[in-house]
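Below you'll find the structure, written out as C-alpha cells, and then a few comments.
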Amino acid sequence: MSKAVKLIEYSTGGNLTEGNFAVITEEVPALETLKKDQLLVRITDLSADPHMRQYVSKGSYYSFPLEQTISGIGVGIVEASTSDDFKPGDAVSNPTMAWANYSVVDAATSVKLDTANFPLNAHLGVLGMTSFTAYLGLALAKPKQGETIVVSAAGGAVGQIVIQLAKELGLHIVAISSSDEKNKYAESLGANASINYKTTNDMAAALHIVAPQGIDIYWDNVGGELLDLILTKFKKFGRAIVCGAISQYSADGSEVYRLKNVQSIITSSASLIGFLFSDYMDTHYYTDFIAKFTTLVNEGKIKYKLDVVDGIEKAPTAFIDLFGGANFGKRIIHVADP
C-alpha cells in the first residue's frame with residue numbers, strides 16, 4: 001500500500017490549513033499499468049517549495065485538480081521501468097513526483113542521479129533547483145566586485161546559496177530574515193550585516209544603516225512592501241532579481257500588495273529581472289552550474305542547511321509552515337530511506 005497527499009479543497013481568503021489536504025492510503029500502481037517509457041519510482045524525498053502555494057489556490061493558472069495527488073520535485077529509486085534508459089535500482093529525480101510513497105513518472109522528464117558521491121537529498125538541495133536558481137539569478141544580475149547586495153529570506157533554501165556565491169564574487173552582503181538565529185547563520189556564510197525584519201520597526205532606517213550609499217542588487221524572495229521599499233534605495237542601474245514573492249502567495253485578490261514606488265525604477269534606471277530556472281535548463285548556465293557545484297560540494301567549499309520533516313503523512317504541515325517562516329534552510333519531506 002502507498003500513502004498519498006491529495007488536495008481536497010482550494011485555499012480561500014489567503015488561509016491554508018491541513019483541512020485543504022487529505023492523506024489517504026491507496027494501492028501501489030500495478031506494473032502492468034505502466035505505459036511505454038514510464039517509471040515506477042519509490043519516493044525517498046520530496047521538495048516543499050513556496051512557489052507551490054499557487055498550485056493549491058482557486059483560480060490560479062497552475063492550480064492542481066481537486067481530489068488528485070499533489071506532485072512536485074522529488075527523488076527516489078526506480079522499482080520498474082518500460083524505458084531502455086532506466087533500470088530498477090537507478091536513482092532518479094523528476095519534477096512531477098507524486099506526494100506519495102510511489103509515483104509513476106515519464107522517463108523523458110527523469111534524470112539519473114549520482115549516488116556514489118552524494119546523498120539523494122542533495123539533488124533536492126545543494127545540487128538541485130534551489131542552488132541553480134541562486135547561481136542563475138546572480139549570473140543574470142551581472143554583479144561587479146564591491147557592489148552591495150541585499151538578500152531577503154536569507155536563511156531559506158535559495159538565500160543561503162546566494163550569500164555564499166555573492167561572497168565569492170566580492171560583494172558587500174546584507175541579509176534579511178525572520179530571526180536572529182537565521183541572521184547569525186547568514187553572517188557565518190559571509191553576510192557583512194543583517195536585519196531581522198520581525199524585530200525592526202523602521203526598515204528604511206535599518207537599510208540606511210547597513211547600506212548608506214544605496215543598493216546595487218536586491219535578491220527578492222518575498223515581494224510586497226519590502227520590494228517596494230527597496231525600489232527607493234537603488235543606486236543608479238540597480239537590479240532587482242525577482243526570484244519569489246512568499247509574502248504574497250497567500251494573498252487573495254484585493255489583499256495582493258500593489259507596488260507604489262514604480263517611478264523610482266525610472267529615476268534610478270533600475271531593472272527588475274524575473275526568471276524561471278526551467279527556461280534555462282538547456283543552456284550553458286545549467287551545465288556551468290553542475291560543473292561548478294559538483295566541484296564546490298566535493299571540496300567542501302559550500303555549506304547547505306536542510307530542514308527535514310520525516311514522513312509523508314506530515315507533508316501538509318511541512319508545506320504550510322513554510323509561509324510562517326518556520327523552516328530554517330531547504331525544507332525536504334523525507335518519505336523513506338533509499
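No value in this document is a laboratory result; all are computed from the given coordinates. Quick caveat: nothing in here was measured; it's all calculated off a predicted structure. For neighbour counting, all protein chains shown are included, and Cβ atoms are generated from backbone atoms with ideal geometry for every residue, glycine included.
Numbers below:
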{"quantity": "Separation of the Tyr257 and Met1 label points, Cα + 7 Å toward Cβ, nm", "calculated": "4.5"}
{"quantity": "Charge context of Val111, other residues only, Cβ under 14 angstrom, K/R +1, D/E -1", "calculated": "-4"}
{"quantity": "Segment Tyr286-Ala30, extension gain: residue separation times 0.36 nm, minus the distance between their alpha carbons", "calculated": "88.6 nm"}
{"quantity": "Mean ellipticity per residue at 222 nm, deg cm²/dmol - from DSSP H runs of n ≥ 4 across the chain, formula -39500 (n - 2.57)", "calculated": "-6500 deg cm²/dmol"}
{"quantity": "Over 28 Å (Cα to Cα) - which of Lys3/Lys35; Lys6/Lys36; Lys112/Lys144 fall in this group", "calculated": "Lys112/Lys144"}
{"quantity": "Shape call, segment 129-278: gyration tensor on alpha carbons, a/c limit 1.5", "calculated": "rounded"}
{"quantity": "Cut-off 18 Å, label 7 Å out along Cα→Cβ of Thr82, residues of segment 29-69 by amide N", "calculated": "29-42"}
{"quantity": "Cleavage-rule hits (trypsin sites (Lys or Arg not before Pro)) in segment 1-58: DSSP loop, at most 12 neighbouring Cβ within 10 angstrom", "calculated": "Lys35, Lys36, Lys58"}
{"quantity": "Linear extension gain, Ser179 paired with Ile266, 0.36 nm per residue minus alpha-carbon span", "calculated": "28.0 nm"}
{"quantity": "Relative contact order [Cα under 8 Å, 6+ residues apart], segment 129-278, whole percent", "calculated": "22"}
{"quantity": "Charge sum, other residues only, whose C-beta stays under 9 Å from Leu169's C-beta, Lys/Arg counted +1 and Asp/Glu -1", "calculated": "0"}
{"quantity": "Exposed-site-free run, longest, the chain (rule: GluC sites (Glu not before Pro); DSSP loop; at most 12 other C-beta within 10 Å)", "calculated": "68-298"}
{"quantity": "Nearest-0.05 FRET efficiency for Tyr10 and Ser278, computed from C-beta distance (R0 35 Å)", "calculated": "0.90"}
{"quantity": "Estimated inter-spin distance, Lys167 and Asp337, nm [label 7 Å along Cα→Cβ]", "calculated": "3.3"}
{"quantity": "Zero-based 20 Å bins, Cα pair distances in the chain, whole percents", "calculated": "30, 57, 13, 0"}
{"quantity": "The chain: antiparallel DSSP beta bridges as a percent of all, rounded to 5", "calculated": "55"}
{"quantity": "Length-normalised contact order of the chain in % [C-alpha pairs under 8 Å, at least 6 apart]", "calculated": "18"}
{"quantity": "Local net charge near Asn101, Cβ-Cβ under 14 Å (Lys/Arg +1, Asp/Glu -1)", "calculated": "-3"}
